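The values are calculated or read from the model by the stated rules, or taken from the named source; none is laboratory data. Here the structure is a predicted model, which is why all the values come from computation and not from measurement. Ideal geometry is used to build each Cβ from the backbone, glycine not excepted, and the neighbour counts take in all protein chains shown. Keep in mind that these areas ignore ligands, DNA and RNA; they rest on the heavy atoms of the full protein, side chains included. Shrake-Rupley method; radii C 1.70, N 1.55, O 1.52, S 1.80 Å.
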Amino acid sequence: GAVVSQHPSRVICKSGTSVKIECRSLDFQATTMFWYRQFPKKSLMLMATSNEGSKATYEQGVEKDKFLINHASLTLSTLTVTSAHPEDSSFYICSARDITNYGYTFGSGTRLTVV
Amino acid sequence: AQSVTQLDSQVPVFEEAPVELRCNYSSSVSVYLFWYVQYPNQGLQLLLKYLSGSTLVKGINGFEAEFNKSQTSFHLRKPSVHISDTAEYFCAVRSIQGAQKLVFGQGTRLTINP
């Protein structure tokens, strides 16, 4: 079945530094990928939709300059949290749309802790 | 726009008992419906989805769900649960046309007690 690899699974960084999270579709081409943020015991909040070769579409209230999304190929999307602060600490999950079966495959998530 | 309401934030049940997790949605257009399961510190795994056809959908791990258009519901059921079913369950919808993004409910924490 469709597999999405998300890396790293955990990262701890210092306040003010930037962190990059990668999301790869391993056995299918994903023209569209999604990035979510999940707070403890909460649902998934869609941050942005990324389309291969074009700019990401951000949801209302999400800072474009803080959460940089790049979708340069059909199998890779990256989320860069710039100048991270403790309030950016969260669980980030990516998802890729598999157009062959109307499915959405999720990565295993990245636990970001900013200290 | 679509919205999803999962009526129960927590559902405790005993092992081998049946369970139903409720999901209602609101949408002005036709939708696809999904149920996902999330284990601690992991991503989401698809349990089942309704695209069209038979309103009773069978998924993995013995789960099934029934699409009821008149009641705008998509409740998830399992006749006999196991300890390993303890997890967070999310109902989601997306419009058939237009935006491809999934809209999630708030989640239901299913706890199985021995």
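The set of residues from region B:1-51 being among the polar types (S, T, N, Q), over 16 Å from the mean Cα position of the chain (by Cα) and within 11 Å of chain A (Cβ to nearest Cβ) comprises B:ASN41, B:GLN42.
What are the pairs, 6+ residues apart or on separate chains, where a residue within region A:1-24 that is more than 12 Å from every other protein chain (Cβ to nearest Cβ) has its Cβ under 7 Å from a residue that is charged (D, E, K, R)? What qualifies is A:HIS7/A:GLU22. The lone criterion from (1) in a loop (DSSP other than H, G, I, E, B); (2) surrounded by 20 or more Cβ atoms within 10 Å (Cβ to Cβ) left unmet by B:LEU33 is number (1). If the condition is being more than 10 Å from every other protein chain (Cβ to nearest Cβ), closer than 20 Å to A:ASN51 by Cα and either of a type outside the set (Ser, Thr, Tyr) or in contact with a Cys (Cβ under 7 Å, 6 or more places away or on another chain) (or both), then region A:92-115 contributes A:ALA96, A:ASP98.
Pairs linking a residue in region B:16-40 that is in contact (Cβ under 8 Å) with a residue 60 or more places away in the chain to a residue that is open to solvent by 70 Å² or more (accessible area, probe 1.4 Å) and of a type in the set (Gly, Ala, Ser), with Cβ atoms under 9 Å and 6 or more positions apart or on different chains, are B:SER27/B:ALA1; B:TYR32/B:SER52. When B:LEU44 is tested against (1) at pLDDT below 95; (2) open to solvent by less than 50 Å² (accessible area, probe 1.4 Å); (3) farther than 24 Å from A:VAL4 by Cβ, only condition (3) is not met. Pull up region B:68-104, narrow it to residues that are small (Gly, Ala, Ser) and within 15 Å of B:GLN45 (Cα to Cα), then point me to the one that is surrounded by the fewest Cβ atoms within 10 Å (Cβ to Cβ). In this case the residue turns out to be B:SER84. Restricting attention to region A:41-91, the residues that are hydrophobic (A, V, I, L, M, F, W, C), away from chain B (no Cβ under 12 Å) and within 11 Å of the chain's Cα centre (by Cα) total 6.
Filtering region A:57-86 to residues that are open to solvent by less than 40 Å² (accessible area, probe 1.4 Å) and part of a loop (DSSP other than H, G, I, E, B) leaves A:VAL62, A:LYS66, A:THR82, A:ALA84.
When every residue of region B:94-108 is checked against the conditions, none turns out to be away from every other protein chain (no Cβ under 14 Å), over 19 Å from B:VAL19 (Cβ atoms) and at pLDDT below 95.
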